[in-house]
1. Which net charge results when you count Lys and Arg as +1 and Asp and Glu as -1 among the other residues whose beta-carbon is under 12 Å from that of W88?
2. Please calculate how many Å² of accessible area the stretch 228-313 carries per residue, with a 1.4 Å probe and no DNA, RNA or ligand atoms counted.
3. Considering only V246, Q298, P283, whose Cα is most displaced toward the positive end of the charge dipole of the stretch 235-309, charges sitting on Cβ of Lys, Arg (+1) and Asp, Glu (-1)?
4. Relative contact order for the stretch 189-308 using alpha-carbon pairs under 8 Å, separation at least 6, rounded to a whole percent?
5. How far apart, in nm, are the 7 Å Cα→Cβ label points at V209 and R343?
6. Rounded to the nearest percent, how much of the accessible area of the stretch 1-105 (1.4 Å probe, protein heavy atoms only) is carbon and sulfur?
7. When you take every Cα atom in the stretch 91-136, what is the radius of gyration, and what is Dmax, the widest Cα pair distance, in Å?
8. Calculate, axis by axis, the spread of Cα positions in the stretch 56-101 along the three principal axes, and write the results as whole Å, longest axis first.
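The values are calculated or read from the model by the stated rules, or taken from the named source; none is laboratory data. Just so it is clear, the structure is predicted and the values come from calculations on it, not from any experiment. As a convention, Cβ positions derive from the backbone with ideal geometry for all residues, glycine included, and neighbour counts pool all protein chains shown. These area figures cover heavy atoms from the full protein model, side chains too; ligands, DNA and RNA do not enter into them. Shrake-Rupley method; radii C 1.70, N 1.55, O 1.52, S 1.80 Å.
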Amino acid sequence: MQILTPHVYWAQRHSEIFLRVDLSDAKDLDISVQENNTLQFKAQGHGAKGDNEYKFSLEFREPVRTEINHKSTQRQVDIKIRKQEERWWDRLTLQEKKPLFLAPDFDRWLDESDAEMELQAKEEEKINKISVESRVRKDPYLGLKRGYLFMYNLVQFLGFSWIFVNMTVRLFILGQDSFYDTFHTTADMMYFCQMMAVLEVINPLLGLVKTGFFPAMIQVAGRNVILFVIFGSLEEMQNKPVVFFVFYLWSTIEIFRYPFYMLACISTEWKLLTWLRYSLWIPLYPLGVLAEAVAVIQSLVIFDETRMFSVPLPALLGGSLSFSYTLQIYLVLMFLGLFINFRHLYKQRRRRFRSRKRKVQ
Ligand SMILES: CCCCCCCCCCCCC/C=C/C(=O)SCCNC(=O)CCNC(=O)[C@H](O)C(C)(C)COP(=O)(O)OP(=O)(O)OC[C@H]1O[C@@H](n2cnc3c(N)ncnc32)[C@H](O)[C@@H]1OP(=O)(O)O
């Protein structure tokens, strides 16, 4: 029996070499890497010259590991050999002249930069897998937390949408007259939503969201002072047009903010919604605080007249200290709060759009 050389096709990656030996139904395989860094191949099979014993040897360009991975199929023998060092080789063999039986395996062939990209993609995939696995392992309650947040955001979204739609419809039907009974038609829902919003201060404390505790506190406390103390406790304030402006400005941002959070809970993003969530506050926040300041100023006289919440003082000091003094201090705090939250939202906006830009690049 003649001993022949089969056709061998090769390709490489930074860490390994792939050889495809064109031999079908190969048996009695004897494949090894000798100490002189040479691959010895011998097998019985069906090749270009029919059934025969085929053999070849290849002295590699650089050291390889001696362990070999091979698989014989009906059509070919696949061999995988690991390089000793992860490096790109400019050719397979030590000898410069390519053996006649050797050719590139174009099914697997990649040039160096493509192989680097493939390597990078594999690395990224590995890192992503590890980070997802470790997140799931670290936090077995992730699903529960997301479910809770989704429901919370959904309820808030429905509440604020109801207020917004109700006010808009009344504005179209009644025109300016609708300004005067905003409180009586929407206050219950606003009470409900704003009481629920206390959870927005608790959520970051429990580590459920990445929001800063302080900005959330300023936001919730600021609104609740206006809603419960100024509008809720003074009947004289309840039919003033300022209620309309305050409620309308609050609900306008919330009908975009809560759906944005809902999508975040299911790892989804709508670009337009994200843009609205991180842009609408620019006009709405100062207008909202301005409307709230008008409400506080209008209430000062009423608190002075009714002496509601006034602090009793000895007769020598005038009998009582009107709550309006506290509110005057609060007015200053409001603009301080506006500054803190404006800066916070500005940073959030930059972070959000900068990271999106980076992802696009
Ligand atoms: C000692 C008491 C002092 C009191 C002093 C009071 C002074 C008061 C002065 C101020 C008064 C303000 C009154 C308010 C007026 C108005 O509202 S006017 C209308 C316009 N208003 C707005 O635009 C503000 C809307 N509100 C907010 O944006 C927030 O409440 C905020 C706290 C101010 C900022 O939000 P924040 O959560 O920090 O930013 P985000 O980028 O949206 O979120 C950060 C990450 O957290 C995730 N997340 C947050 N919440 C949730 C949630 N519920 N569900 C799911 N996920 C959530 C969010 O997705 C972000 O995650 P990443 O995208 O991965 O970063």
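1. Value of the local net charge: -4.
2. I get 45 Å² per residue for the stretch 228-313.
3. Positive-most Cα among the choices belongs to P283.
4. 26
5. According to this spin-label approximation, the distance is 2.2 nm.
6. 42
7. 17.4, 54
8. Principal extents (Cα only, largest first): 32, 26, 16 Å.
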